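Below: the structure, in structure tokens.
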Amino acid sequence: MERITKKVRLGSRLEKLVPGLLLAIASISILTSIGIVFTLVVDASHFFKEVPLSEIFSKELAPLRSKDPSFGFLPLIMGTLTTSVIAMLVAAPIGLMAAMYLSEFVKPKMRRILKPIIELLAGIPTIVYGFFAYNFVTPLLMKWIPDLGAKNVLSPGIVMGIMIIPIVTSLSEDAMSAVPKVIREGAYGLGSTRLETTVKVILPAAISGVIASFVLAISRAIGETMIVTIASGSSKQFTTSIIEPMQTMTAYIVEFTSGDAGSGTIGYYSLYAVGLLLFVFTLCMNLLAKYIIKKYRREY
Amino acid sequence: METKNSVKFKIENMDFHYGDFQALKNINLEIKENEITALIGPSGCGKSTFLRSLNRMNDLIENTKVDGSITLDGVDIYKDYDVIDLRLRVGMVFQKPNPFPMSIYDNIAYGPRLNGIRKKSVLDKIVEKSLRAAAIWDEVKDDLKKNALALSGGQQQRICIARTLAVEPEVILMDEPTSALDPIATLKIEDLINELKKDYTIVIVTHNMQQAGRISDKTAFFLMGELIEFSETDKLFSNPENKKTEDYITGRFG
């Protein structure tokens, strides 16, 4: 009797400690986020003291010009958006179709084999993808598009799309598999084929998860660095042509952290401004994903 | 008293296996047109399995096997039927109301649209007719655009019945359609089933023996995968031939 009581007491004392312990651990990630935002804002403020906000949204980017450097970030924004859009044009249809296949067409046994294989794509280091884009995809595309530059946004866009397929597939498949079996049976009971059930009933029922997977994939593409640094070049000219090189926001940060601008110069602080801009972009995407999940969520 | 209605489903020497497990043993049964046939028996007796083999819903489960024959109007549904055509003729209402997560209108129009009906005026008519037939038109006519999931359980189940009626089946299979509903909603569905009998052949699985007694013409009693007794409902409940049937309906087990 006595030993049992002691054990219970020890358990309940531990029980009181646990929430505090967990809070401390959870705070680490929260404090890190706050620290990052703080650093970005503080250092970016040095930049904004010297460069007016209107200049940022101009097309002229010449950060290293010794006389009167210019900091128009539109070429970078264009680079980031273009590569991300190309990536989504690849990842959304392929990823979604793969998800439909895995969720509705394949036997459970086969799904357990196939899904990890697709998810393996997410485990390949991005530098390998970048190398693949520059050394394989770009030369391949040149056969069809002779004017394609050695550095361009088309090739890294496509490769980035391949990289984010698992995000779309995995999350969409989860959402579609979570649609209750009775809904599926209802559709089959009305004489639907497998494809009709998938497209007309399961997909609409899982739409919040599917859209959320798209948004998360986009924010992954926006933040992607290595592939674009290697394969899309560092041209700061504003262009809309996907066969020409463009620099993305992330690639710009890489270029400047590797020592092109001296510490404390305005060029150095521009890093933080771009970083802040990037942070705002991905934050908006994540908030959008949260909102969509909440708005279209169905309770069964 | 034997009814004059013609035979809709004829089941002969039917066996059903889930893998190695035999769920139904040598079932022989005739289901007649415009009658309500109730299937009763304790949990796991095979009555739901039997019901679901009538529109080949069990095809969705891996590793199942049907032997013997089931014919619908004389045609073998496992050999000479496209499963899609079969399910259009043999509709199904499930235990848990399962409206699609879309508007009431789209739920009802789903089946007709699959069959190529696109014209708004035609769809409007089908939707109204089906909702009226399912005795829910007056409750929902003003918000057909509302999501069907926002309705109460009883209303959802009638939406599901309307959705089934919209494809104009000949037979409606019901798998414990009132088990998830409160008594008032249950009564409404029972009244509705009685109404539907005029135009449809109905096969209903129920755990509730009073319900079987109230609504059905014929009752089949299943036990451990076997059909123990099948006769007129009144006779089965008042004067069962088999001792096991008597034990079950008097509540001695199950």
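The values are calculated or read from the model by the stated rules, or taken from the named source; none is laboratory data. These figures come from a predicted structure and were not determined experimentally. Reconstructed Cβ throughout: ideal geometry from the backbone, glycine too, with neighbour counts over all protein chains shown.
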### Message
Within segment A:236-249, does at least one residue satisfy the condition of being part of a helix (DSSP H, G or I), of a type outside the set (Gly, Ala, Ser) and within 20 Å of A:PHE38 (Cα to Cα)?
### Response
yes
### Query
If you check B:ILE36 against the conditions, is it β-branched (Val, Ile, Thr), away from every other protein chain (no Cβ under 14 Å), on the phi < 0 side of the Ramachandran plot and in contact with an Asp or Glu (Cβ under 7 Å, 6 or more places away or on another chain)?
yes
### Task
Could you check B:LEU54 against (1) in contact (Cβ under 8 Å) with a residue 12 or more places away in the chain; (2) away from every other protein chain (no Cβ under 13 Å) and say which number it fails?
(2)
### Task
Determine whether B:ASP199 is of a type outside the set (Lys, Arg), within 16 Å of the chain's Cα centre (by Cα), away from chain A (no Cβ under 14 Å) and under 26 Å from A:GLY191 (Cβ atoms).
yes
### Task
Mind telling me which of the residues A:ILE218, A:ILE211, A:ILE207, A:ILE230 ends up being crowded, with 18+ Cβ neighbours inside 10 Å and within 14 Å of another protein chain (Cβ to nearest Cβ)?
A:ILE207
### Message
Can you pull out every residue in segment B:77-89 that is away from chain A (no Cβ under 14 Å) and either within 17 Å of A:GLY189 (Cβ to Cβ) or under 19 Å from the mean Cα position of the chain (by Cα) (or both)?
### Response
B:TYR78
### Task
Considering each residue of segment B:91-135, count those that are away from chain A (no Cβ under 14 Å), surrounded by 14 or more Cβ atoms within 10 Å (Cβ to Cβ), without any contact (Cβ under 8 Å) to a residue 24 or more places away in the chain and over 19 Å from B:ILE172 (Cβ atoms), and give that number.
2
### Query
Which of (1) at pLDDT below 90; (2) within 27 Å of the chain's Cα centre (by Cα) does A:ILE113 not meet, given it meets every other one?
(1)
### Task
List the number of the failed condition for A:ILE162; all other conditions in (1) within 16 Å of the chain's Cα centre (by Cα); (2) closer than 26 Å to B:PRO99 by Cβ; (3) among the β-branched types (Val, Ile, Thr) hold.
(2)
### Task
Output the residues belonging to segment B:15-73 that are over 18 Å from B:TYR200 (Cβ atoms) and assigned to a loop (DSSP other than H, G, I, E, B).
B:GLY19, B:ASP20, B:GLY41, B:PRO42, B:SER43, B:GLY44, B:CYS45, B:GLY46, B:ARG56, B:ILE61, B:GLU62, B:ASN63
### Qualifying residues in segment A:192-204 (those that are more than 8 Å from chain B (Cβ to nearest Cβ) and surrounded by fewer than 19 Cβ atoms within 10 Å (Cβ to Cβ)) - the one nearest to the chain's Cα centre (by Cα)
A:VAL199
### Task
Would you be able to say whether some residue in segment A:85-105 is under 19 Å from the mean Cα position of the chain (by Cα), modelled with pLDDT of 95 or more, more than 30 Å from A:VAL201 (Cβ to Cβ) and buried (at least 21 other Cβ atoms within 10 Å of the Cβ)?
yes
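Here is a list: B:ASP143, B:ASP138. Which entry is on the phi < 0 side of the Ramachandran plot, part of a helix (DSSP H, G or I), surrounded by fewer than 22 Cβ atoms within 10 Å (Cβ to Cβ) and more than 22 Å from the chain's Cα centre (by Cα)?
Result: B:ASP138 is the single residue among B:ASP143, B:ASP138 that is on the phi < 0 side of the Ramachandran plot, part of a helix (DSSP H, G or I), surrounded by fewer than 22 Cβ atoms within 10 Å (Cβ to Cβ) and more than 22 Å from the chain's Cα centre (by Cα).
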### Message
Please go through segment B:167-197 and give me each residue that is under 18 Å from B:ARG89 (Cβ atoms) and either out of contact with any Lys or Arg (no Cβ under 8 Å at 6 or more places or on another chain) or without any contact (Cβ under 8 Å) to a residue 24 or more places away in the chain (or both), ordered by number.
### Response
B:VAL167, B:GLU168, B:ILE172, B:MET174, B:LEU196, B:LYS197
### Task
Tell me which of these B:GLN22 doesn't satisfy, since it passes every other one: (1) away from every other protein chain (no Cβ under 11 Å); (2) surrounded by 17 or more Cβ atoms within 10 Å (Cβ to Cβ).
(2)
### Query
Do you know which residues across segment B:98-123 are over 21 Å from the mean Cα position of the chain (by Cα) and farther than 12 Å from B:ALA166 by Cβ?
B:PRO101, B:MET102, B:SER103, B:GLY116, B:ARG118, B:LYS119, B:LYS120, B:SER121
### Task
State all residues of segment A:172-191 that are of a type outside the set (Ser, Thr, Tyr), buried (at least 23 other Cβ atoms within 10 Å of the Cβ) and away from chain B (no Cβ under 14 Å); if no residue qualifies, say none.
A:GLU173
### Query
Which members of segment B:55-69 meet the condition of being among the hydrophobic types (A, V, I, L, M, F, W, C) and either surrounded by 23 or more Cβ atoms within 10 Å (Cβ to Cβ) or closer than 30 Å to A:ALA206 by Cβ (or both)?
B:MET57, B:LEU60, B:ILE61
